[in-house]
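Student: Here it is: the structure, laid out below.
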Amino acid sequence: MDSLRLLPGFLENAIISGGIVVMLNVLLTFLSTVYAERAPLQDAYQQLELQQNELLAKKRRNPRLQDFEVLNRSLNEAIQNAKDKLDHHWELFNRNCIPILEQYVQRIPEGAQRFTAEFAIAASLMARRKEDLSMVNINGFTASYATVRGDGACFFRAFLTALAYQLIGVVLPYDLEEMHEWILRLKFLMCDHIREIVQGNPQFERDLMKIPANGTIRSLEHYFQIFIRPAYQGTNYDCKILADMFGKPIHVIRQYQSSHETHQSFLQGEILTTEAGHINILYQPRHFVAIISIYQCDLSSAFVPGS
């Protein structure tokens, strides 16, 4: 938290020199730095817990394990020390940083930028433990991905999970109750954005009416009623809206049992990449997950802003 003392000055100078966009970038950079400081503390704490679990497993296999009491006591002390350091970091962040950040977020106009700032702050609080990631090989590249709850809203969960990692480098837990609220807020924001698009593009409204997954749509407002339902499943149009709202190309890859291939393409000519600003989502059979890191790639796909 060495940068805490300078945080208000950084944010104020950012607004003066470059406006809200620059201030938002400073805010996100600060959150990313804070999490980078916290990550080693989390890793150390979890590693000690893992060591203790392994020691207890050895004890169960061998009740006469030599020096067990000494080793276990030493690990207990180390775990408590690591936990105290982690809790202290959290206390400083919650007590001193959050009020300052929330104060500056109020100066951002309602919309995607405001949502980005508020969600980034929330994500920094929700990602208290490092989640295990799964790996997948897809023709030409290897990627790690974070699973999300399969409750019908997995596309939006995957999008927000990928967004959180891209914004400040955190991996959200698999089953966050708070995600329900953020998905609903995101959908209301998308509804506002769709209304703006329809005003200048009547064809877009007619296209929405034709989405098979939505059933028989009678009007735009009827579409919104269906859209905000918890079990509404994401479509191509949702990707287009999100890409346009957040100014971030969205890559969606379909995974089959025996092979993988590009599912949708919203950014022709671009390479699926971890380049800043890109959101990557993997569609497994009947389920979306968030791609976190890509190590090698040669595919093209993306939903692009304004397409």
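Student: What is the set of long-range amide H partners of residue 142 at a cut-off below 5 Å, with H atoms built 1.01 Å from backbone N?
Tutor: Long-range HN contacts for residue 142: 295, 296.
Student: Follow-up question, since we're still on this one. What ³J(HN,Hα) values, in whole Hz, does the Karplus curve 6.51 cos²θ - 1.76 cosθ + 1.60 give for segment 81-92 when θ = phi - 60°, with x put for Gly and Pro?
Tutor: 5, 5, 5, 4, 5, 5, 5, 5, 4, 4, 4, 4
Student: Search the structure for amide H atoms under 5 Å from the amide H of residue 234, placed 1.01 Å from N in the peptide plane, and list their residues when 5 or more places away or on another chain.
Tutor: HN-HN under 5 Å from residue 234: 155, 156.
Student: Using a cut-off of 15 Å between beta-carbons, work out the net charge of the residues near residue 24 (Lys and Arg +1, Asp and Glu -1, residue 24 not included). Present the calculation step by step, with values, prior to reporting the outcome.
Tutor: Numbers: positive: 107, 114, 248; negative: 12, 102, 110, 118.
Around residue 24, the charge tally is -1.
Student: Quick check: the distance between the Cα centres of segment 86-128 and segment 218-248, to the nearest angstrom?
Tutor: Going from one Cα centre to the other spans 26 Å.
Student: I would also like to ask the following. To the nearest µm²/s, what D does Stokes-Einstein give for segment 4-108 at 20 °C and 1.002 mPa s, using the Kirkwood radius over alpha carbon pairs as Rh? Can you show the working numbers first?
Tutor: On the way: Rh = 16.6 Å.
Reported coefficient: 129 µm²/s.
Student: As an exercise, identify the trypsin sites (Lys or Arg not before Pro) in segment 2-91 lying in DSSP coil whose Cβ has no more than 12 other Cβ atoms within 10 Å.
Tutor: Numbers: sites: 5, 38, 58, 59, 60, 61, 64, 73, 83, 85; in loops: 64.
Filter output for segment 2-91: 64.
Student: Can you work out the Karplus-derived ³J(HN,Hα) for every residue in segment 17-23? Use 6.51 cos²θ - 1.76 cosθ + 1.60 with θ = phi - 60°, whole Hz, and x for glycine or proline.
Tutor: Those phi angles translate into 7, x, x, 5, 4, 5, 4 Hz.
Student: Would you mind listing how long segment 59-124 runs along its three principal axes, going by Cα atoms, in whole Å with the largest first?
Tutor: Its Cα atoms span 65, 23, 8 Å along the three principal axes.
Student: When 1/r is averaged over all different Cα pairs and the result inverted, which Kirkwood radius in Å belongs to segment 53-186? Before the final figure, lay out each step's value.
Tutor: On the way: mean 1/r = 0.0549 Å⁻¹.
About 18.2 Å, per the Kirkwood formula over Cα pairs.
Read the figures in this text as sums done on the coordinates, not as results from a lab. Everything numeric here is computed off the predicted structure, so don't read it as measured data. With ideal geometry, Cβ positions are generated from the backbone for all residues, glycine too; neighbour counts draw on all protein chains shown.
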